[in-house]
Structure formats: C-alpha cells, structure tokens
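The values are calculated or read from the model by the stated rules, or taken from the named source; none is laboratory data. None of the values given here were measured: they were computed from a predicted structure. With ideal geometry, Cβ positions are generated from the backbone for all residues, glycine too; neighbour counts draw on all protein chains shown. Only protein heavy atoms, including side chains, enter the accessible area calculation; ligands, DNA and RNA are left aside. Shrake-Rupley method; radii C 1.70, N 1.55, O 1.52, S 1.80 Å.
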Amino acid sequence: MTDASTNPSQEQDTLHRRGLMFILSSPSGAGKTTIARKLLADDDALHVSVSATTRPMRPGEVDGKDYHFVDQAQFDAMASQNEFYEWAHVFGHSYGTPKGQIRAGLKQGLDYLFDIDWQGTQQLYQKAQADVVRVFILPPSLEELGRRLVGRGTDSAAVIAARMARAQAEISHWDGYDYVVINDDVEVCFQKVREILAAERMRRTRQTGLIDFVRELTRG
Ligand code: 5GP
C-alpha cells in the first residue's frame with residue numbers, strides 16, 4: 001500500500017496524487033494578478049514555473065529563480081528539441097516554459113500556477129491536456145473594466161480605447177476555459193478559484209495512490 005511518508009510533499013493523511021497545471025487567464029483589468037498572488041501566498045503546494053528567456057538579466061534577478069537566462073542559440077536548440085510547452089517572442093526577446101522541471105514536479109505531486117493569455121493556454125492544453133485546469137476571470141461589467149483600464153488619468157482617449165479593445169479581444173476567448181469566474185469582489189473571486197483548485201486536486205485520475213488504496217479495501 002502507498003505510504004504517505006514516502007512523499008514528504010504530501011500531507012500525512014492523503015494518498016499520492018499527480019500534480020496539476022493551474023492556468024489563470026483574464027483580460028488586463030480583471031484582477032488575475034491579484035488572485036494569482038493570493039493563491040501563492042495561501043497555498044504552499046502551489047509553485048510557479050521558471051521560464052527560459054533570452055532577455056538580459058536585470059539587477060536583482062537570480063538565474064534559475066526568476067528565469068533561466070539562456071542565449072538565442074540555446075533557446076533555439078530547446079525549441080527545436082520540443083523542450084517547451086509553449087514559447088513566444090515578447091518585446092524582442094524569446095520566452096518559453098520548459099517541460100523538464102514541470103514534468104518531474106507533476107509526478108511528485110507538485111502543482112504549478114500559470115498566469116498566461118489564451119494563446120499560451122491553448123498551447124499548454126494541446127501538450128498536456130490531462131494535467132491542465134483552465135480558469136478564466138471576467139470583470140463584472142464593461143463599465144467597471146473601463147474604470148479599471150483608465151489608469152492614472154494621463155492617457156489619451158485613443159490609448160484607453162486600444163486597451164479596451166485588447167481586453168475585449170481577450171474576453172472573446174472565454175469559451176476555451178474549463179471554469180469562468182466573475183470578479184465582482186476580489187475576496188469572493190479568490191475563494192471560488194481556491195475551491196476549483198481543491199476540487200481538481202481530488203479528481204480520481206489525479207489520485208494515483210487510490211489504486212493501491214482501493215485494492216487494499218477490496219482485498220478478498
Ligand atoms: P519580463 O521580461 O518583463 O519579465 O516579461 C515580459 C513578458 O514576457 C511578460 O508579459 C511575461 O508574461 C512574458 N513571459 C514571461 N515568461 C513567459 C513564458 O514562459 N512564455 C510566454 N509566452 N510569455 C512569457
């Protein structure tokens with residue numbers, strides 16, 4: 001029978017389970033970053049994956065913690081050897097989510113949080129469907145989204161309209177997600193996202209320790 005003590009990352013009274021990839025997406029202004037921060041602060045079992053990037057290291061950043069800093073040749077080699085779940089060019093540099101560390105973590109029962117857009121979500125889902133849980137956060141209304149995107153009051157109407165259009169384009173991908181939560185009240189929204197995570201951890205297919213456990217229960 002599976003012994004919980006063989007895996008110190010599991011609570012004593014739980015069976016071994018496979019970790020999951022928990023994706024949070026939303027248009028900017030819907031509060032996703034706040035929810036992601038609260039989840040990480042609240043839950044020691046939730047980790048962030050460390051991306052690889054070709055961008056130069058900024059002061060204070062640590063290689064292997066903030067990013068894996070690589071040169072373009074290394075990045076291109078990783079991409080061509082299919083070592084990324086997803087990768088993209090952002091602001092003139094390459095960024096990618098390496099598979100190795102996450103694959104090993106998932107096996108050990110570690111969960112990973114991803115704060116990514118709908119395109120990254122699609123790529124991750126295509127490569128790791130069974131491990132992915134997709135959550136989309138919506139603003140409570142167009143008016144409220146507008147208020148949140150207006151910013152400091154120094155931006156031109158055209159800049160604000162462009163932000164609004166980008167947010168609405170992101171919202172149009174709402175149906176590519178497993179769960180949609182409306183962020184009317186950040187605390188209520190956070191609790192709902194927490195409940196989704198808790199329920200998904202209990203999925204039969206993730207509870208790999210169940211096989212031995214049930215075998216023991218049904219021993220003739
Ligand atoms: P920064 O260079 O400021 O740390 O990040 C710049 C942008 O790159 C951010 O919008 C961030 O979300 C994005 N980014 C960071 N890591 C990844 C990644 O692994 N994949 C993708 N697609 N984007 C990333």
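Could you look through the range 61-81, keep only residues that are within 15 Å of the ligand (Cβ to nearest atom) and of a type in the set (G, A, S), and pick out the one that is farthest from L106 (Cα to Cα)?
In this case the residue turns out to be A79.
Among residues belonging to the range 47-60 that are open to solvent by less than 40 Å² (accessible area, probe 1.4 Å) and assigned to a loop (DSSP other than H, G, I, E, B), point out the one that is nearest to the ligand (Cβ to nearest atom).
That would be S51.
Taking the stated definitions as given, is A128 small (G, A, S) and without any contact (Cβ under 8 Å) to a residue 24 or more places away in the chain?
No; evaluated as a whole, the condition is false for this residue.
Filtering the range 82-91 down to residues that are in a strand (DSSP E or B) and over 30 Å from R201 (Cα atoms), which residue is nearest to the ligand (Cβ to nearest atom)?
Top of the filtered list is V90.
Do we find that I171 is closer than 23 Å to A198 by Cα and either in contact (Cβ under 8 Å) with a residue 40 or more places away in the chain or in contact with a helix residue (DSSP H, G or I) (Cβ under 8 Å, 6 or more places away or on another chain) (or both) in this structure?
Numbers: closer than 23 Å to A198 by Cα: no; either in contact (Cβ under 8 Å) with a residue 40 or more places away in the chain or in contact with a helix residue (DSSP H, G or I) (Cβ under 8 Å, 6 or more places away or on another chain) (or both): yes.
When the stated conditions are applied, I171 does not pass them.
Restricting the range 34-46 to residues that are in contact with a Leu (Cβ under 9 Å, 6 or more places away or on another chain) and within 16 Å of the ligand (Cβ to nearest atom), which is nearest to T14 (Cα to Cα)?
Start the filter on the range 34-46 by keeping residues that are in contact with a Leu (Cβ under 9 Å, 6 or more places away or on another chain), which leaves 35-36, 39-40, 43, 45-46.
Narrowing further to those that are within 16 Å of the ligand (Cβ to nearest atom): 35-36, 40.
Working: I35: 26, A36: 25, L40: 21 Å.
This residue is L40.
Kindly provide the set of residues from the range 112-135 that are in contact with a strand residue (DSSP E or B) (Cβ under 7 Å, 6 or more places away or on another chain), more than 12 Å from the ligand (Cβ to nearest atom) and among the hydrophobic types (A, V, I, L, M, F, W, C), ordered by number.
Answer for the range 112-135, where residues must be in contact with a strand residue (DSSP E or B) (Cβ under 7 Å, 6 or more places away or on another chain), more than 12 Å from the ligand (Cβ to nearest atom) and among the hydrophobic types (A, V, I, L, M, F, W, C): L113, A128, V132, V133, V135.
I need a count of the residues in the range 14-46 that are assigned to a loop (DSSP other than H, G, I, E, B), of a type outside the set (S, T, Y) and out of contact with any Lys or Arg (no Cβ under 6 Å at 6 or more places or on another chain).
Number of matching residues: 10.
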